[in-house]
Amino acid sequence: MSGDAHLLVAADYVVFAVVLLLSAAVGFYYAWRSRKQGTSRDFLTGGRKLNALAVSMSLTASYMSSVTVLSNPAEVYRYGAIFGYLSISYVLAVVYTSEVFLPVFYRLAINSTYEYLELRFSRATRLLAMVIFFFNALLYTGLVIYAPALALNQVTGMNLWGGIISTATVCTLYCALGGLKAVVWTDVVQIGIMFAGYMSVIIKCVILKGGISTILSDAQEGGRINFVDFDINPLRRHTFWTLVIGGTFGWSAVYGTYQPQVQRYNSCKTIKHARLALFINVLGLACTLTSSVISGLCLYSFYKNCDPWKAGQVSSPDQLLPYLVMDILADHQGLPGLFFAAVYSASLSTVSTSINAMAAVTMEDLIKPRIKLSEKKLLLISKGLSLFFGIVCVAMAGLASLMGHMMQAVSIIGGVCGGPLLGLFSLGVLCPFVNSKGGLWGLVAGLAAAVSVTIGEIISPSPPEMTRPLSLSTEGCNFSSGGSLNWTTPLPTEPSLYIATPGQNTDDIHVVQWHSPSYLYFVVIGGLTAIIVGIIISLLTGGLRETVDPRLMLMKEDTLSYHLFKRVKDGVMGGTDSVGQPNKEDEINKPAEEKFDNTCVSSF
């Protein structure tokens, strides 16, 4: 390895352009096919005619953002393969979502997740939740657009704002023209491109290292194979418990309450397809995480004796994987372009998802309740909203430049916003005695708790003895440090959420008697606080005396586990269904075409 910078060549730009044009073409094709959509509901939900496979791939693609592609391998490089325990949280979160939230949301046939909150609690609760959603979506989208453009600009010389504007322009156009169908089917293409980019790096690394066994051996010697860590200390950054518990809460918030994900599985033609989409999506998440972990171990195997970050060749860990790509694939014209197209495809899928979701929330929560318009006008407004939010996302990319390490920033933002909402929706679906006062104050308290721990992390970042970054070396470097970093200690301290602080005096950390819990627990703190406060306030304000429409609550007949248990029990006891009776499951699984007022209570 050398310290010389590599630049993209013409073939890389051609591959990059072709791949992105392919994504855009698929989106525009479905936009053209959907040009005769007659209602805003069809535009925003795909007419509830999408199948499980397409939706599952779209769910995975929207998760697999540029943060996943760039930051997760860097996380494994610095903290080890224990990061792979997140796969357990994926399974638990999807099961919880499928059993608890999906039946209720699908039954109500709502376009906006937050519409449920007004039906169950109050309009004030709905509006506050909507504000939290917009804060989360805009910050997250800005980060997803800006971070990969910055990484590629610093490593390859690719124009920074050219990448940002092209990403936002392409996905805004097909979102505004084709709605959810265009977004979903473009995601299907982009997920293939993303995995191709990952595999190009992994396969080349394995070839250069003489086999996967060498990479694993290097990782073992460097302490990266660190799965045996069951420390229950909540202040530790990554342990089995922080990853599984914090990850389960975090991903339950994403799949159970976050508008883009709920909007997708609600667009399936039956609830069986919606459930199947969620479970197939787990396989996609597992493949994505496995690719991230292996890429991180490849990074370590190549740079175990000369860490580019400490040596000043890159300015943040998020640039390590692009640096490796230019180091090992620069001689293969076109392959670097394929990888960077994968990064931008990840951005496209996430940004288009957010644009479509924000347009849906604005339409359902702000416009329709206040203004009576024809369906033609509502459709035009929906398309205009998609265009507007695309422009806003470009502006938010500027704010994202103030963020620190991408993956931690995204996790903390999601924790602050997702935890209280997860607690609130769980109360609404599971606890009939929780009233509007308990729901509203539970949300406020959960948000306050999550914000408080976040501020604590900003003021007093967790010290190295809690985060426990693994050792990195520059002993084998054959180039002089560019001096772009100010590290003087053996290992850089963990950057804060918003402003990187490489020169921070670690003595100051110990003066403040506060150590932040793992960033993965922020969502747990917000969620549990919302639940506890919501229950207490409801009990104190007469919640036990109030009644709730049963359609807004989860019933045992809604759950898949109930039906599976019943079938097993009938099989063991020798019971059989009544011959000639209509199949209840077939009736239950019909698409919920009507809105709340005309919806049947039963659901499978």
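The values are calculated or read from the model by the stated rules, or taken from the named source; none is laboratory data. In this text, all values refer to a predicted model and were calculated from it rather than measured experimentally. Because the Cβ atoms are built from the backbone with ideal geometry, glycine has one as well, and the counts that use them run over all protein chains shown.
Worth a mention:
- Selection over the stretch 112-125 of residues that are surrounded by fewer than 23 Cβ atoms within 10 Å (Cβ to Cβ) and either on the phi > 0 side of the Ramachandran plot or not acidic (Asp, Glu) (or both) gives a count of 4.
- Gly223 meets all of the listed conditions (1) out of contact with any helix residue (DSSP H, G or I) (no Cβ under 7 Å at 6 or more places or on another chain); (2) of a type in the set (Gly, Ala, Ser); (3) in a helix (DSSP H, G or I) but one, namely (3).
- Any hit, the stretch 149-166, residues being more than 25 Å from Ser295 (Cβ to Cβ), of a type outside the set (Val, Ile, Thr) and not in a helix (DSSP H, G or I): yes
- Among the residues of this structure, Thr288 counts as one that is more than 22 Å from Met466 (Cα to Cα) and out of contact with any Asp or Glu (no Cβ under 6 Å at 6 or more places or on another chain).
- Members of the stretch 220-269 found to be touching a Pro at 6+ places or on another chain (Cβ under 6 Å) and of a type outside the set (A, V, I, L, M, F, W, C), listed by number: Pro234, Lys269
- Qualifying residues in the stretch 192-223 (those that are within 30 Å of Ala54 (Cβ to Cβ) and β-branched (Val, Ile, Thr)) - the one surrounded by the most Cβ atoms within 10 Å (Cβ to Cβ): Val201
- Within the stretch 404-425, no residue that is of a type in the set (D, E, K, R) sits with its Cβ atom under 7 Å from a residue that is at pLDDT 70 or above at 6+ positions apart or across chains.
- Taken together, the criteria exclude Ala54 from residues that are under 30 Å from Ser382 (Cβ atoms), more than 20 Å from the chain's Cα centre (by Cα) and modelled with pLDDT of 80 or more.
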